[in-house]
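Everything below concerns the one structure shown next.
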């Protein structure tokens, strides 16, 4: 008996990769659909459906001639098909898991998600959403958009105050031009440090509007 078979779609199966279950044997005698259905514990309609999907046959199937089927060949095809389906499900589960993490803005491999299936991740996400909603209603959690809006408002106050401070000190305290320039440099330095901290720790560079210096230029 050949160790390899070629399927209708051109795939070559190595029978050694899909041996019969322990205790089963194939003496090379062809089986009918009825016999193979009995061995595999399925219906004859299932056998017919599998043949239509590419399960190998030795002969028959035309002009009223009964199918002749090899137990080893059909078992290898069935095992190969189940292996391919399991691999596809695994890839889909992995992709669904990656998508679930991406939509929750998490990284692959985070310990709390380790070993969770796509279904478990979805259930975890729904539970986390409800927990966050309750925390928000209690005032324990604030949406990022509201924080960004608050920071923008505060930045407006700071920009205005720092931008007018040198002129205010010049008028109120009678500072000389050189002294006003010192104050301007100090204000510009404070604005630059504030912008760097917000970019690094809060919003990120793309979210921070340019800050005017005390002299009107943009940082």
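The values are calculated or read from the model by the stated rules, or taken from the named source; none is laboratory data. Treat the numbers as computed from the prediction; the structure is a model and nothing was measured. FYI the Cβ positions are ideal-geometry reconstructions off the backbone, even for glycines, and counts take in every protein chain you see.
I'm trying to understand the selection: among the residues of the stretch 12-23, which are surrounded by fewer than 16 Cβ atoms within 10 Å (Cβ to Cβ) and either within 12 Å of residue 76 (Cα to Cα) or in contact (Cβ under 8 Å) with a residue 12 or more places away in the chain (or both)?
Within the stretch 12-23, 12, 14, 16, 17, 19, 20, 21 qualify.
Could you list all residues from the stretch 156-199 that are exposed (fewer than 12 other Cβ atoms within 10 Å of the Cβ) and outside any helix (DSSP H, G or I)?
Of everything in the stretch 156-199, those that are exposed (fewer than 12 other Cβ atoms within 10 Å of the Cβ) and outside any helix (DSSP H, G or I) turn out to be 174, 176.
From 145, 217, 135, which residue is surrounded by fewer than 11 Cβ atoms within 10 Å (Cβ to Cβ), within 28 Å of the chain's Cα centre (by Cα) and at pLDDT below 75?
145
For the subset of the stretch 42-57 comprising residues that are in a loop (DSSP other than H, G, I, E, B) and under 39 Å from the mean Cα position of the chain (by Cα), which member is surrounded by the most Cβ atoms within 10 Å (Cβ to Cβ)?
Filtering first and then ranking leaves 55.
Taking only pairs six or more apart or across chains, which ones have beta-carbon atoms under 8 Å, a first residue in the stretch 24-50 that is in the same structural domain as residue 64 (by TED's automatic domain parsing), and a second residue that is surrounded by 12 or more Cβ atoms within 10 Å (Cβ to Cβ) and modelled with pLDDT under 90?
From the stretch 24-50, the pairs are 32/66; 33/66.
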